[in-house]
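The values are calculated or read from the model by the stated rules, or taken from the named source; none is laboratory data. This one's a predicted model, so the numbers in the text were calculated from it and none came from an experiment. FYI the Cβ positions are ideal-geometry reconstructions off the backbone, even for glycines, and counts take in every protein chain you see. When the accessible area is computed, the model is the full protein with side chains, heavy atoms only, and any ligands, DNA or RNA have been set aside. Shrake-Rupley method; radii C 1.70, N 1.55, O 1.52, S 1.80 Å.
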Amino acid sequence: MVPAQWFDKSRLALPTDPAEVEDSVLLRALVQGLVTVGIASVAVAAVGVAQTSLWNLAAIPLSGVGAWVSWQRRRKRNIAMKFAIALGMLIALAAFFSRIIQEPGDTRIILAELLIQLQVLHSFDLPRRKDLGYSMMIGLILLAVAATISQTFSFAPMLLLFLALAMPVLALDYQSRLGLTSVPWRQMRLGPTLRQFLVLMGVTVALGLVIFIFLPRLPGYQIQNFPVSSTIDIDEGFDGQAIINPGYINDADGDGQGEEGFGEGGSGTIEGRGASTGPGTVDNTFYYGFNQTMNQNLRGTMTPQVVLRVRSQAPGFWRVLAFDRYTGQGWEISRNEEVQTLTRSRFANKTLLPIEPTLNRDREVVQTYTVVNNLPNLIPALAQARELYFPTREVAIDREGSLRSPVGLEEGITYTVVSRVPFRDRTLLREAPTEYPAEVRQHYLQVPEAIRDRVRQRTEELLSTSPTPLTDPYEQALYLAQTLKQRYTIQPDLPFFTDDQDLVEAFLFITQGGYPDHFSTVLTVMLRSIGIPARLVAGFGEGQFNPFTGFYVVQNVDAYALTEVYFPQYGWFGFDPIPGHELLPPNLREYETFSTLRQVWNWVAGWLPSPVLGWLEGLRQLATAALIFVLRTLGVLFRLGWVGIVLGLAGATALAFAGWLAWSWLSLGWRRWQLRQLPPTERIYQHMLTWFEEQGHPRRPSETPLEYSQRLYQQTHATQAQAAGEIAHAYVRWRYGGEDQNTVYLAEKLKLIRSQPSQGRPRWRFRRLQRNRSLE
């Protein structure tokens, strides 16, 4: 018989009144903790990514005050307060729509702030458990919003803290639903032990990372609402000619003072400090190549710092600026006054950009950039940018396809670019015609007369060392780039050039090397000397891929220059002659559904010691050899005709059956081992669930133990249902009330359940199940 105290309505009755007041102080406090973590996570994730108001943090104490007021007035009707809350929510909604109209773009922060405001108002009226459930969901939603914004590991502690609070909240909520309201909270089992908690956290994190790594990367963004910062208003008069690089100035007069001002008449006026001509030292923060003139007579290095975080469907060279005129010790943009200004609609963030039509097969690649540290007003993007989602209504594009902003790229700006990136087909590029348009010949074959003949002669000498004749521009460019890597060296202590000294001439015939960017300058001029159009392009390398966040982390020291070569009908393609770099910039490949898995493996392999890496490589070779053996065996069987096919199918069936048997025995053994590790009361309860499941009466995931035992009265014999009810009640008292149970008595009840056949089951099946139980 069931003890009478188990059926005390004040302790076990399930709450049926939807308006029942929630009296658990601990549950309310923990729910408030979830809300606090949700609000704080939005503020933490938005640092350096999006603009948020510090007033959002004021919602934490305000919601705490609201929770205290709600506790004090939980048994009152609060009609006036409900009207005040409704009015406040309407005001918040009106303010939300006003912001949406004034600040179109990425609305995630605006939506999160609306939700925070609603939660503060909602916290003043939380009488029921259902109302607390709404607050729990708001905290979870805020955490999810923060997850979509976060680009660093700073969000991870908030996620772990939320999980640590959520576990006892769920236990308390479940206890409240069971009606265990009189059990002191100190005796409740609110969650796992510390060891179990750490194991659970480890499994959760590991499982999440595995899912992230193996998650297929499908082509294209399924949602076309791309991330972009709120609109930035600017003064009229933007002509796109000015480049703002705080590290360098345009010293056109040679007086060392430079020009100042922005957009006030001068072509390419530059603000800041540094040297744009003659000997000098590079700025320690800003790359010297992001300028209207590129002075390659500067010496020194930059101090590394992160400048961009990029989420892209494909890695690449984040192109910034291109130069067409060689000056002898650097480069300049000769057609800076021909910049085209583009204006987008006030009601959309998309700006359509002009691109050159080609015969190339291309692919749409979406990139989202977040500025971490200030940059010049040049917009990095992959080649052939077609759509730009940028905070300003006006942008500019020059004749080299480089994008310019009316304002400098300040910390926190986010924008998105959609590029039509061409595939690099070596066969097609080798067959490209060599008849160049007049405009191309005019601007991209320029070489100073003083060095033209000598450079051409040296170029032809290097090409003649090829073991096979090189007859097309593509192979010539490829061979020259590789030759520069092998025959010349990077020289960090290179002296300054004199006023009458040419960089390319000194590189090839005197110093036998130079700074990294000098290699690209030399390759560009060498190609021009033999009639191949080329230009110098400055930008950022792809950076360091973070497999945990999915972002490419780009530093200022990742900036460098490479050579782009023009192929009629196919456009411009890059070549990188710098030692230590790949010969070709990151190329667009066919879709790699599991590209993240490859990138993670490359990242892990870089940290593994050689013996471990060798062992893993051996394991991979063994798996490959086994797969080849299976394929060869199938090939031999298929060559035997129908007899081989039948033998193959029979063998495959036998292997599948053996595998199924092995899996079944392993699963059974694992299940028995798990049951032996459980406490006695829980073990008996799990045995009961397993037996009823085999009888065709499984417990539904949504059912509590007591609800399940009540349903068994309608589906099994009364004696079985009564015994199941006693076990279920004992399990609830042990699990959530911390009370010790009579396991000997419960074991007898389990035997009673197993000794009776279930309703609707044939007698022979019952006898077979009895034999199986006796084998246990």
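For the stretch 15-30, does any single residue satisfy the condition of being modelled with pLDDT of 85 or more, over 28 Å from Ile413 (Cβ atoms) and among the hydroxyl-bearing types (Ser, Thr, Tyr)? No, the stretch 15-30 has no match at all.
Residue check: Ile211 meets all listed conditions (1) open to solvent by 40 Å² or more (accessible area, probe 1.4 Å); (2) closer than 30 Å to Arg363 by Cβ; (3) modelled with pLDDT under 50 but one, namely (3). A Cβ distance below 6 Å, combined with a sequence gap of six or more or placement on separate chains, defines the contacts here; from the stretch 342-353, residues that are more than 19 Å from Glu236 (Cβ to Cβ) reach residues that are open to solvent by 20 Å² or more (accessible area, probe 1.4 Å) and not in a loop (DSSP other than H, G, I, E, B) in the pairs Asn349/Tyr389; Lys350/Glu387; Lys350/Tyr389; Leu353/Arg386. For the stretch 304-321, residues that are assigned to a loop (DSSP other than H, G, I, E, B), over 20 Å from Thr152 (Cβ atoms) and open to solvent by 20 Å² or more (accessible area, probe 1.4 Å) total 2.
Annotation: of all residues in the stretch 135-165 being over 18 Å from the mean Cα position of the chain (by Cα) and at pLDDT below 85, the one that is most open to solvent (accessible area, probe 1.4 Å) is Leu160.
Condition first: open to solvent by 20 Å² or more (accessible area, probe 1.4 Å), within 20 Å of Asp576 (Cβ to Cβ) and either at pLDDT 95 or above or not basic (Lys, Arg) (or both). Can you find one or more residues in the stretch 498-509 that meet it? No, the stretch 498-509 contains no residue that is open to solvent by 20 Å² or more (accessible area, probe 1.4 Å), within 20 Å of Asp576 (Cβ to Cβ) and either at pLDDT 95 or above or not basic (Lys, Arg) (or both).
Residues that are over 26 Å from Pro279 (Cα atoms), assigned to a helix (DSSP H, G or I) and open to solvent by 50 Å² or more (accessible area, probe 1.4 Å) do not occur anywhere in the stretch 540-548. Only one of (1) in contact with a helix residue (DSSP H, G or I) (Cβ under 8 Å, 6 or more places away or on another chain); (2) open to solvent by 80 Å² or more (accessible area, probe 1.4 Å) fails for Glu748. Which number is that? (1) is the only condition that Glu748 fails. Val525 falls short on exactly one of the conditions (1) within 16 Å of Leu462 (Cβ to Cβ); (2) open to solvent by 20 Å² or more (accessible area, probe 1.4 Å), and that condition is (2). Of a type in the set (A, V, I, L, M), open to solvent by 50 Å² or more (accessible area, probe 1.4 Å) and at pLDDT below 80: does that describe Leu631? Considered against the rule, which asks whether it is of a type in the set (A, V, I, L, M), open to solvent by 50 Å² or more (accessible area, probe 1.4 Å) and at pLDDT below 80, Leu631 comes out as yes. Taking the stretch 707-776 and the helices (runs of 4 or more DSSP H) fully enclosed by it, the elements with 2 or more residues that are at pLDDT 90 or above are at 718-737, 743-755. Within the stretch 64-118, being touching an Asp or Glu at 6+ places or on another chain (Cβ under 9 Å), open to solvent by 60 Å² or more (accessible area, probe 1.4 Å) and not in a helix (DSSP H, G or I) holds for one residue alone: Arg73.
Of the listed requirements (1) surrounded by 11 or more Cβ atoms within 10 Å (Cβ to Cβ); (2) modelled with pLDDT of 65 or more; (3) among the small types (Gly, Ala, Ser), Ala206 misses just one: (1). Quick check: anything in the stretch 344-361 basic (Lys, Arg), part of a strand (DSSP E or B) and more than 23 Å from Thr427 (Cα to Cα)? Yes, the conditions are met somewhere in the stretch 344-361.
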